[in-house]
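Report on the following structure.
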Amino acid sequence: MRRLLRLPIAIAVALACTSTMPSAKSARSPTRWWDGAVFYEVFVRSFQDSDGDGIGDLKGLISRLDYLNDGNPKTKDDLGVDALWLMPIFESPSYHGYDVTNYLRVNPAYGTEADFDRLVAEAHKRGIKIVLDFVMNHSSDQHPWFKASASSPESPYRDWYIWSPTDLGWGQPWNSSSPTWHAKNGAYYYGIFWSGMPDLNFRNPEVVKEMTKIATAWEERGVDGFRLDAIRHLIESGPGAGQSGSPDNHVALRNLSSTLRRVNPRFAMIGEVWSTTEDIAPYFGNGSNELQVLFDFPLASALVGAALSEDSTEVTKVLRAIQTYPSGSVDAPFLTNHDQARVATTLRGDRVREDLAAAMLLTLPGAPFVYYGEEIGLKNGPGGDDEWKRTPMLWAEDGGTGFTSGTPWQPTAPTQRVAPVDVQSKDPSSLLSRYRKLISVRHASSALKTGKLSLVATGTPAVLAFIRQSSRETVLVAHNVSSSAKEVEIAPTGKSAFVLFADSGCTLRRGAKWTLTLAPQSSLMVRLY
């Protein structure tokens, strides 16, 4: 594997060491803590089992908090992430939890209410924020609300869901052959995802009132934010495109945002709008009155695609497009998540490409998200079932995985075996060590953390380069996405440079312009003066 240069690059200008930079775990803006923060997506069921039943739980997660961030700025053996997004932890009949039966209770398989409160306290002690997956669009068909709603047209809960006396024949907007109206007791109810997930009726003020009450209750328990699932489908206006992006969605979200911010101005609302940049942008509202953070699905596809295709054109295109977001908006770049093939699988287990993808992700503005296991190169299991995207974390070479002393709820396939955390932690050239280093460098640089991005022309799609600039610092970032070395010149900016991060084989020299020599599939970050 490539070696990370730990000494300054040979350049024809004076360099200074990076030890004068602020701590990697230094504090950030109290009201916009999410801007520049690194998030870690956790599937509690697959992270760490504490009691041997084969199911990950909250106590297990608590035991691994120091791996994520131990709260000590002097240590280097944690990831240093700022926030955890917990995939659904509410009561649910399904392994994934996206069909909720009680929005106010923790799934007993994951632990008790006291376990959750301790998780929040222990995370906050380490400077880690807690974000819950809040599934507003739909409940489980086993939820007492739906059972009451389905029991009779006269039920007081009838209008909590969407009913029709006939099948209106709408197909899913992404799959017109899959129905969204489902038969029940002589009528049809609407469920955009499947019959087990009936959509709540957000045109009903009682539903809005109850869901707002639930959201506020979790906020008052110390939760720092919500990841809002399927938010683009909250309110429907008709078939086809009417099932996605209704104007009424924005009214509902602005009202919820206003309520939650009155309780806690630092509360984060992070939205899933799985669509184009043009569809994503309106969910920021005016930049301060709707959602603060939105996942960037087009950029995720472009980043992984660039690492695979050796062409950064699409990344550049998306980065230009998000410049039109309203002031105050925070983009959330990521590589893959729980609904997608893992990045290590998509990149065919090519470690060098994984290195490159990680570096691109963690040098971008906004709030990057890392999916659990991504930092050790965990791959998908066989087949396309979602369970194989969410298998147990690999912690140790102990004859198992270090995940449980019992039989895991989902096995780890032989094709998923990579060096576990305890092995990679001892190897400075491992993927895990690279993630730790990249996150540390990001947090120690005001420009990489919260600075603006300006694209830099390189004359070739093989090299993605940009300037990250804050009021205190200017950083040049360059990524060679190709499998051959590249030399590019960029317009002069500054006269001297400090190396923040450089892969082996990267050099920089100053003449009339800056000349960058970049090794194959490598990254370079330098502070310019």
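Would you confirm, using the coordinates I've provided, whether Val120 is in contact (Cβ under 8 Å) with a residue 12 or more places away in the chain, among the β-branched types (Val, Ile, Thr) and surrounded by 22 or more Cβ atoms within 10 Å (Cβ to Cβ)?
Judged against the criteria, Val120 is not a match.
Being within 28 Å of the chain's Cα centre (by Cα) and open to solvent by less than 30 Å² (accessible area, probe 1.4 Å) is the filter here, so list the residues in region 184-200 that pass it.
Within region 184-200, Gly191, Ile192, Gly196, Met197, Pro198, Asp199, Leu200 meet the criteria.
Limited to region 220-234, what total is found for residues that are outside any loop (DSSP other than H, G, I, E, B) and open to solvent by less than 10 Å² (accessible area, probe 1.4 Å)?
As a first pass, look at region 220-234 and keep what is outside any loop (DSSP other than H, G, I, E, B): 220, 225-228, 231-233.
In the following step, the residues that additionally are open to solvent by less than 10 Å² (accessible area, probe 1.4 Å) were identified as 225-228, 231.
Matching residues across region 220-234 total 5.
Within region 52-61, track down each residue that is more than 20 Å from Leu432 (Cα to Cα) and touching a residue at least 40 places away in the same chain (Cβ under 8 Å).
Gly52, Asp53, Gly54, Ile55, Gly56, Asp57, Leu58, Lys59
Test of understanding: among Ser155, Ser237, which residue is in a loop (DSSP other than H, G, I, E, B), more than 25 Å from Ser92 (Cα to Cα), over 25 Å from the mean Cα position of the chain (by Cα) and free of Cβ contacts under 8 Å to residues at least 40 places away in the same chain?
Ser237
Could you tell me how many of the residues in region 322-359 are part of a helix (DSSP H, G or I), under 22 Å from Gly271 (Cα atoms) and open to solvent by less than 40 Å² (accessible area, probe 1.4 Å)? Before you say what the answer is, go through the steps one by one.
Going residue by residue through region 322-359, those that are part of a helix (DSSP H, G or I) are 322-324, 343-346, 351-359.
Going one step further and asking which of them are under 22 Å from Gly271 (Cα atoms), we end up with 322-324, 343.
Keeping just the survivors that are open to solvent by less than 40 Å² (accessible area, probe 1.4 Å) gives 322, 343.
Number satisfying all stated conditions: 2.
Within region 70-91, take every residue that is in contact with a Gly (Cβ under 8 Å, 6 or more places away or on another chain) and open to solvent by 10 Å² or more (accessible area, probe 1.4 Å) and give me the one that is nearest to Ala447 (Cα to Cα).
If we take residues in region 70-91 being in contact with a Gly (Cβ under 8 Å, 6 or more places away or on another chain) and open to solvent by 10 Å² or more (accessible area, probe 1.4 Å), then Asp82 is nearest to Ala447 (Cα to Cα).
Report every pair of residues separated by at least 6 positions or lying on different chains whose Cβ atoms are under 7 Å apart, first residue within region 322-343 and at positive phi, second open to solvent by 20 Å² or more (accessible area, probe 1.4 Å).
Within 7 Å, the pairs are Gly328/Ser288.
From the list Gly245, Gly196, which one is modelled with pLDDT under 95 and either under 19 Å from Pro282 (Cα atoms) or part of a loop (DSSP other than H, G, I, E, B) (or both)?
From the options Gly245, Gly196, the qualifying one is Gly245.
Output the helices (runs of 4 or more DSSP H) that fall wholly within region 420-529 and possess 1 or more residues being open to solvent by less than 10 Å² (accessible area, probe 1.4 Å) and within 23 Å of Ile322 (Cβ to Cβ), or say none. Outline the logic, then answer.
Values: elements: 421-424, 431-443, 446-450.
By residue number, 431-443, 446-450.
Has region 210-218 got any residue that is part of a loop (DSSP other than H, G, I, E, B) and either free of Cβ contacts under 8 Å to residues at least 24 places away in the same chain or of a type in the set (A, V, I, L, M) (or both)? Give the derivation first.
Just the residues of region 210-218 that are part of a loop (DSSP other than H, G, I, E, B), to begin with: none.
No, that holds for no residue.
Given the conditions (1) out of contact with any strand residue (DSSP E or B) (no Cβ under 7 Å at 6 or more places or on another chain); (2) buried (at least 21 other Cβ atoms within 10 Å of the Cβ); (3) over 29 Å from Gln521 (Cα atoms), which single one is not true for Tyr283?
Tallying (1) out of contact with any strand residue (DSSP E or B) (no Cβ under 7 Å at 6 or more places or on another chain); (2) buried (at least 21 other Cβ atoms within 10 Å of the Cβ); (3) over 29 Å from Gln521 (Cα atoms), Tyr283 fails exactly one: (1).
Tally the residues that are open to solvent by 90 Å² or more (accessible area, probe 1.4 Å) and of a type in the set (Phe, Trp, Tyr), restricting the search to region 142-165.
Residues meeting the conditions: 0.
I need the full set of residues from region 36-69 which are touching a His at 6+ places or on another chain (Cβ under 7 Å) and either open to solvent by 10 Å² or more (accessible area, probe 1.4 Å) or aliphatic (A, V, I, L, M) (or both), in order please.
none
The values are calculated or read from the model by the stated rules, or taken from the named source; none is laboratory data. Keep in mind it's a predicted model, so treat the numbers as computed, not measured. Every residue, glycine as well, gets a Cβ built from its backbone with ideal geometry; the counts of neighbours run over all protein chains shown. Ligands, DNA and RNA are stripped out before the accessible areas are found, and what is left, the full protein with its side chains, is counted by its heavy atoms. Shrake-Rupley method; radii C 1.70, N 1.55, O 1.52, S 1.80 Å.
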